[in-house]
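Q: Quick one: the structure is below, questions incoming.
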There are 2 protein chains.
Amino acid sequence: MARFGGAQRVGGQPRCQPLDKGRVGGVQHGRACAPRGRWRADGGVLALPRTVEEVACVVRACADARVGIVPWGGGTGLVGGQIAAPGPAPVILSLERMRAVRAVHPDEGVLIAEAGLTLAEVQATARDAGRMFGLSIASEGTARIGGILATNAGGVNVLRYGNARDLCLGLEAVLPDGRVLHGLKRLRKDNAGYDLKDLLIGAEGTLGIITAASLRLHPIPARTGAAMLVVESPAAALALLALAQARLGEGVSAFELIGRTGPEFLARTMPEVRQPFARPPAWMVLVDLGLPGAMDPAAALEALFVEGAEAGLVSDGVVAQSEAQRAEFWTLRESIPEANRRIGAVSSHDISLPLSEIAEFLDRAGQALARIGEFRINCFGHLGDGNLHYNVFPPEGGSRDAHEHQRGAIKTCVHDLVDGLGGSVAAEHGVGRFKVGDLERYGDPTALEAMRAIRAALDPAGIMNPGAVLRAPG
Amino acid sequence: MARFGGAQRVGGQPRCQPLDKGRVGGVQHGRACAPRGRWRADGGVLALPRTVEEVACVVRACADARVGIVPWGGGTGLVGGQIAAPGPAPVILSLERMRAVRAVHPDEGVLIAEAGLTLAEVQATARDAGRMFGLSIASEGTARIGGILATNAGGVNVLRYGNARDLCLGLEAVLPDGRVLHGLKRLRKDNAGYDLKDLLIGAEGTLGIITAASLRLHPIPARTGAAMLVVESPAAALALLALAQARLGEGVSAFELIGRTGPEFLARTMPEVRQPFARPPAWMVLVDLGLPGAMDPAAALEALFVEGAEAGLVSDGVVAQSEAQRAEFWTLRESIPEANRRIGAVSSHDISLPLSEIAEFLDRAGQALARIGEFRINCFGHLGDGNLHYNVFPPEGGSRDAHEHQRGAIKTCVHDLVDGLGGSVAAEHGVGRFKVGDLERYGDPTALEAMRAIRAALDPAGIMNPGAVLRAPG
C-alpha cells in the first residue's frame, strides 16, 4: 500500500499558533502510526487534546490559519481516511486522550462514551453494567469510538443490531468553525430538526470531529449458541437465513458466509486455528444465535439443520457444544483477514449487493476475472447484510507483485459488476482517500453535488480531513 | 386550531409558467384539506404530478420563479408542516397520484414504494408478499409514505422496528433545484458518502421532495399475543418492560402506557369501545408480542405477569385469548386520541424523555400545572421509546375556551421541564410550523446554525416548504 504524505512542516514553523503543549493538552511534531504498521499520518503537528474545549481550540486555530486537520482514532481504517494526503502538512488531531466514560444508564440502555475509548473498552463497560453494546469488528481492541462512528463501522452483528449509526443516539462534536455541537441526547425518539447526527456519522471527519457519543445498549441475550453449516451455494445460504429468521426472528445475531479459500489460507498460514471440517467445504455459514431464556440454542440449531437438510440447502454441520467451541468458530472467522494478509492479496473489495443479486454477482465476477488472468478468490462476509469481502489472490505459488499491472483492471471489473447490480463499492469501510474516485465514478451525480454543497456550507475553508470522501476543491 | 394562509394568487396569475394541466399531470387552482378537516393548504396552484419527472418540472419552475412549494401527502401531520404560511401563495404539490409499487423483493425484505401510497397500502402489499412493514400509526389509512418519511413518523412499534428512518434503505427525491436524487438502493450497508437519505428523512420537505422510497420489510412473527397489565406506576411499568425484554428479547413489539384519564374519556365519549377493567386503573400497559413459532405468547405473558406480580410491579391483568381480543386492546389504545378530540384539550404535547426521567417528569409536571390551574391530564404513549403524549384538559365540566389564556403558560411549563430533563419537545410529530419557536428556544444553537447553513446551501431561494422547521430568512 502506498504511504501518503510526509512530515513536512508548513514554512518552518507550524502555522497553528495556539498549539502549545500546556494549552491543548500536549502537542508535538510527530506522527501517528496505524497498528498494522502499514500507514502513517504524518503532520507538522500532532495535537492530543484532553477535552472537547481543547479540540475546539485546535479546530478554531486551524480554521483561522487555514491548516488542514486529520482526525486520528485507532488508525485501523482500511481506506486511508486517517492518513494525510500530499500537500501542506495537516495537524494530526488524535482523540486518544479523551477516554472518559461520561455516564452509564443501564436501565435506559444508554452509555455516554468519549471518542478515544476503544470499542473493546465500551463493550466491557456495557457488560459490567449488565448490558451489551451490539457492535463487533475484528479490530475492536484498537479501533476507537470516534472513528467507529465517523466511518459508520459495521461488522458481524449488523444483521441484528445495525451499523454504528443505528447504535448511536446522539453526538457531541466540534464543527469546522470550532463551535461545539451539544447533542448527547439519551432519547429513542427526537424529531426536533434535521438529523445532524447521522450526517456526521459516516462523514469520516470531513464535517466535524466527534468527541463523544450517546450509545445505545441492548439486553445481553440469555442464551447463545453457534453452528458451522455446510451449504451448497451462497443462494442456499440465503434461503437458510430466511428459514432461520422465520424460526428465530431477531434471535439470529450473525450469519457469516465463508468460502473455501479462507479456511485453506488459514490451514496454511495459521495452522493453530482449529477447523470444524477435515476438508474445507466450498461454502459454509457461521450462524450465531442469542435467544431468550426459554429457548435452547443448540436445539434450535439442530432443528434448523434438519429443516435445511430436508430443503436440500445444508449437507453437513457442527453445532457448538460449549462457549469455548463457539469462540473457536469465531476465531476461525475473525482470523481470515490475517490469513489474507499473510498470503498477500492482489486486490481487496468491500462490497454490498442486494441479497438476491449475490449469486449472480459471484458467477459473473468469477467468469470476468478469469478473462483477466488466473486468480484465487477468497470471498467471505456478512451475508445477511449483503456485504461481502471479495479478495483476489495470485494463483497457487504465484506472487502478488507479478499481478500488479492487473490491479486496475480487476478493480474496475469487480466494481463495474457491483454497480451494475445495484450494489455499493464502499459497503462498510467507507470512502476514505482510496475510494474518492470510485465515489465520483459510481455515485449519483446529484447526490455528489449535494454532498459538496453541504461540505462547502459547513467547512468553507476545507480544513476538515481534506481530500477524504470528496476531492479537495481546486 | 388556527388556520394558516389563504387562497391568494400571486399577482392575479400563478407565476409558475409550466404548470399547465397536460404537462405536469394536472394542475388546478385549489386547496388540499386535511382528513380531520382542521387544516387546509391553500395555494394559488395545486400540482398533481404523476411521475418524478413531473415533480422535477414543477420544482424547477418554482425555483426559477421563486415561488414556494408546500408538499402534500395525506395531510395528517399534527404540527402544521403541510399547511401554507401567511404570505405569497405557494404551490401545493400533492403526491397523491404517485401511487405505484415499483417493486417487491420478499426474499430481500425490500419494497419500493412511491410517495403517494398510504401506509396501509404499503402494509397490505408487504403482507401479500409474506412480509411485514414494521411501522404502525393511528392515521395509517390516510397518511402517505412520502409524508411519513418526511416527518420520520414513529408509532407503536418503534420499540422493535424503529422509526420510519430505520425502515428506509434509500430514497428518490427531487432537490430544491429540481434535480433528481436517484438513491433507491436495496442495500443494508452502504458507506459511499454522506447520509443524504437520513438528512431528507425528518426534514419535513424543506430540503427536497421524497418521491419514492426503498423500504425495509421484516418477517411476520410466527405467533402474536397481547396483554393489558395494571401497573403501580410509570416507574413500575419501566421495570416491567426491562423484565419483558430480558425474557423475550426483541419479541416485545409494543409497550404502551395508558393513564386512567384515557379510558375514562373513552367510557364517556365512545362507550362502544370495550374496556378490560371495570374501573380504569391509574396506570396500565398494553404489551404486544411477536414471537418465534416455538414460543407461546399467552404463556409468555402469563409468566411475565407472575414475575411482575412477585416483584410488586403488576397487580392485575388480562391476557388476550384470541386475535379478536388482541384487536380490542389495540382499539382501546388507538381510540384515545379521538376521545381526546371529543373532550377538547387545552394543550397537547408530543414529548420524549430519557427513560429514567419519566417518573420525575410526571411528578413535577403535575405539581407545576396545578400551580397554573385545575386540569385533568391524559398521559399515554410509547413508554419503551420514552415518548409520551401529555395532554392537558379542563377540569370535569369545564370548557377549553375558559383556559385559552393559560395555554402559553402550560406549554412553557411542560416544555421547560422536558428540556431540563434532557428530553425533546418534538418527539415523533416533528417541528412543522407550530414548533419553530420551540426549536429556536430549546435547540442547540450550533445545531440550529448548521441546519440553516445546510438549508441555505441546498435551497438558496428558500422555496421548499418555506417556514417549516426553520423560520424563513428575512
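The values are calculated or read from the model by the stated rules, or taken from the named source; none is laboratory data. Remember, it's a predicted structure, so these values are computed and weren't measured experimentally. All Cβ positions, glycine included, derive from the backbone under ideal geometry; neighbour counts span all protein chains shown. These accessible areas exclude ligands, DNA and RNA; they are computed on the full protein's heavy atoms, side chains included. Shrake-Rupley method; radii C 1.70, N 1.55, O 1.52, S 1.80 Å.
Q: I'd like the per residue volume of the convex hull spanned by the Cα atoms of the protein assembly as shown, given in cubic angstrom.
A: Expressed per residue, the convex hull around the Cα atoms of the protein assembly as shown is 167 Å³.
Q: If you average the C-alpha positions of the range B:321-356 and of the range A:178-194 separately, how far apart do those two centres end up, in angstrom?
A: Here the two parts' Cα centres lie 27 Å apart.
Q: Something else: Summarise the accessible area of the range B:222-306 (1.4 Å probe, protein heavy atoms) by the percent that is carbon and sulfur.
A: Carbon plus sulfur share of accessible area: 54 percent.
Q: Using a 1.4 Å probe, what is the accessible area per residue for chain A, in Å²?
A: Result: 36 Å² of accessible area for each residue.
Q: Say a label goes 7 Å from Cα toward Cβ at A:Ala409 in every copy; what distances in nm does this one have to the rest, shortest first?
A: 8.2
Q: What number, in percent, do you get for the relative contact order of chain B if the mean sequence gap of Cα pairs under 8 Å and at least 6 apart is divided by its residue count?
A: 15 percent
Q: Also, I was wondering about something else. Quickly work out the B:Thr412-to-A:Arg223 label distance, labels modelled 7 Å from Cα along the C-beta direction, and quote it in nm with one decimal.
A: Placing both labels 7 Å beyond Cα along the Cβ direction yields 5.8 nm.
Q: When the helices in chain A are scored as -39500 (n - 2.57) per DSSP H run of 4 or longer and the sum is shared across all residues, what 222 nm value do you end up with, to the nearest 500 deg cm²/dmol?
A: Counting only the DSSP helices, I get -9500 deg cm²/dmol.
Q: For A:Thr331 and B:Phe277, what does the FRET efficiency come to when R0 = 45 Å and r is the distance between their Cβ atoms, rounded to the nearest 0.05?
A: Between A:Thr331 and B:Phe277 the formula returns 0.25.
Q: What is the magnitude of the charge dipole of the range A:410-455 about its Cα centre, with +1 placed on the Cβ of each Lys and Arg, -1 on the Cβ of each Asp and Glu, and no other charges, expressed in debye to the nearest 20?
A: Charge dipole of the range A:410-455: 220 debye, to the nearest 20.
Q: So, one more: Calculate the mean, over all residues of peptide A:245-252, of how many other protein chain Cβ atoms lie within 10 angstrom of the residue's Cβ.
A: 6
Q: Extending each Cα 7 Å along its Cβ direction at A:Arg364 and B:Glu449, get the distance between those two points in nm, one decimal.
A: It is 4.8 nm.
Q: Using a 7 Å offset from the Cα along the Cα-to-Cβ direction at both B:Arg441 and B:Ala461, what is the distance between the two label points in nm, to one decimal?
A: 3.5 nm
Q: With solvent modelled as a 1.4 Å probe, how much accessible area in total do chains B and A shield from it at their shared surface, in Å² to the nearest 100?
A: Heavy-atom accessible area buried at this interface is about 6100 Å².
Q: From the P(r) of the range B:101-219, could you give the percentage of C-alpha pairs in the tail past 19 Å?
A: Percent of Cα pairs beyond 19 Å in the range B:101-219: 39.
Q: Quick check: net charge around B:Ala239, other residues with Cβ under 11 Å of its Cβ, Lys/Arg +1 and Asp/Glu -1?
A: Spelling it out: positives minus negatives among the neighbours equals -3.
Q: Same structure again: What does the net charge come to around B:Gly308 if you take all other residues with beta carbon closer than 13 Å to its beta carbon, with K and R at +1 and D and E at -1?
A: Residues close to B:Gly308 contribute a combined charge of -4.
Q: If you count only protein heavy atoms and use a 1.4 Å probe, how large is the accessible surface of A:His429, to the nearest 10 Å²?
A: 50 Å²
Q: List the lysines whose Cα lies under 28 Å from the Cα of A:Lys197, skipping any in the same chain that are fewer than 8 positions away.
A: Cross-link targets: A:Lys185, A:Lys189, A:Lys435, B:Lys185, B:Lys189, B:Lys197, B:Lys411, B:Lys435.
Q: Place a +1 charge on the Cβ of each Lys and Arg in the range B:156-300 and a -1 charge on the Cβ of each Asp and Glu, then give the dipole magnitude about the Cα centre in debye, rounded to the nearest 20.
A: 240 debye
Q: For the pair A:Ser322 and A:Ala138, what calculated FRET efficiency results from E = 1/(1 + (r/R0)^6), where r is the Cβ-Cβ distance and R0 = 22 Å, to the nearest 0.05?
A: Computed FRET efficiency for A:Ala138 and A:Ser322: 0.45.
Q: If you place +1 on the Cβ of every Lys and Arg, -1 on the Cβ of every Asp and Glu, and leave all else neutral, what size is the dipole of the range B:223-420 about its Cα centre, to the nearest 20 Debye?
A: In debye, rounded to 20, the range B:223-420 gives about 480.
Q: To continue, here is another question. Full-extension gain between B:Glu338 and B:Arg102, please, as 0.36 nm times their residue separation minus the C-alpha to C-alpha distance.
A: 81.5 nm
Q: Please report the accessible area of B:Glu54 (heavy atoms, 1.4 Å probe, ligands and nucleic acids excluded) in Å², nearest 10.
A: 30 Å²
Q: Tell me, how many Å apart are the Cα centres for the range A:277-316 and for the range B:48-114?
A: Answer, in whole Å: 46.
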